[in-house]
Amino acid sequence: MYQVKQSEYVLSAAWKSQWPDESLPEICLAGRSNVGKSSLINTLTNRRKLAHVSATPGKTRTLNFYEINHELRFVDVPGYGYAKVSMKIKESFGKMMEEYISSRPNLKGMVLIVDYRHPPTKDDVMMYEFVKYYHIPVIVVATKEDKLKRSELQKNKKIIKEKLGLQDEDRFIAFSSVKKLNVDAVWDAIWELLKENA
Ligand SMILES: Nc1nc2c(ncn2[C@@H]2O[C@H](COP(=O)(O)OP(=O)(O)O)[C@@H](O)[C@H]2O)c(=O)[nH]1
Ligand SMILES: [Mg+2]
């Protein structure tokens, strides 16, 4: 079981020149606004407020870097698919993300967070296809599991995998920040990626 002994916010970058050095492997986390990304980061690091849990979705407009145990970084990429964000801002999100995903040598994988209750959105599918285009391994984390009925678990999992076109090498992990479900499973999957791509 992976234990987080140290975790800290490093910086938020609006430009490539602000990114930290490439000395640590990075895992980026992406998902639709309000999907539970900040809650996932807080749960994985066992911190109440490392990542801001926001009541106003779509507020984050930078790449936010966190350092964990002085051995890896989480990179929180802007939430996508938030209708109230203007086209212009959406475009700059996209460019920032594309630049990061396509050119960061120490990026080892992406955690793509989807809502377990709903089929993936067009934006989720686009994001998955986008990272796969750059050969970045993906861990799909389906969050808010606590809100599902038992009968929905298998059904929704199948729909999510099918809609995304999830490839065999990519993992699907059910998750809940409320129940702290599968915290260890997500960490194991992250370390598998780091080892495979060391
Ligand atoms: N029931 C439940 N609610 C969650 C879970 N994860 C996040 N939330 C709630 O979903 C909302 C958005 O969460 P947040 O982490 O800010 O999402 P973000 O916008 O993706 O960073 C908040 O009200 C959270 O309390 C979960 O696993 N279960
Ligand atoms: Mg957030």
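Before moving on, here are some points about what is shown:
- First in region 36-52 and on the phi > 0 side of the Ramachandran plot, second anywhere and near ligand 1 (Cβ under 7 Å from one of its atoms) and hydroxyl-bearing (S, T, Y), Cβ under 8 Å, 6 or more apart: G36/T143; G36/S177
- Those residues of region 117-144 which are buried (at least 23 other Cβ atoms within 10 Å of the Cβ) and either in a loop (DSSP other than H, G, I, E, B) or within 16 Å of ligand 1 (Cβ to nearest atom) (or both), in sequence order: P120, D124, M127, V140, V141, A142, T143
- When the test is whether a residue is closer than 22 Å to W187 by Cα, crowded, with 21+ Cβ neighbours inside 10 Å and not acidic (D, E), L107 passes it.
- Verdict on S23 being out of contact with any Leu (no Cβ under 9 Å at 6 or more places or on another chain), farther than 16 Å from E67 by Cα and hydroxyl-bearing (S, T, Y): no
- For region 156-177, a residue qualifies if it is of a type in the set (A, V, I, L, M, F, W, C) and more than 16 Å from ligand 2 (Cβ to nearest atom), and the qualifying residues are I159, I160, L164, L166, F172, I173, A174.
- Scanning region 145-182 for residues that are among the acidic types (D, E) and away from ligand 1 (no atom under 16 Å from the Cβ) yields E162, D168, E169, D170.
- Restricting attention to region 145-155, the residues that are assigned to a helix (DSSP H, G or I) and surrounded by 12 or more Cβ atoms within 10 Å (Cβ to Cβ) total 5.
- Number of the condition not met by T121 [criteria: (1) within 16 Å of ligand 2 (Cβ to nearest atom); (2) over 14 Å from the mean Cα position of the chain (by Cα)]: (1)
- Positions within region 7-44 being within 14 Å of ligand 2 (Cβ to nearest atom) and part of a helix (DSSP H, G or I), in sequence order: K37, S38, S39, L40, I41, N42, T43, L44
Where a number appears in this text, it was derived from the coordinates with a stated rule and is not lab data. A quick note: this is a predicted structure, and the numbers were derived from the prediction, not measured. Cβ sites come from the backbone with ideal geometry, for glycine too, and all protein chains shown count toward neighbours.
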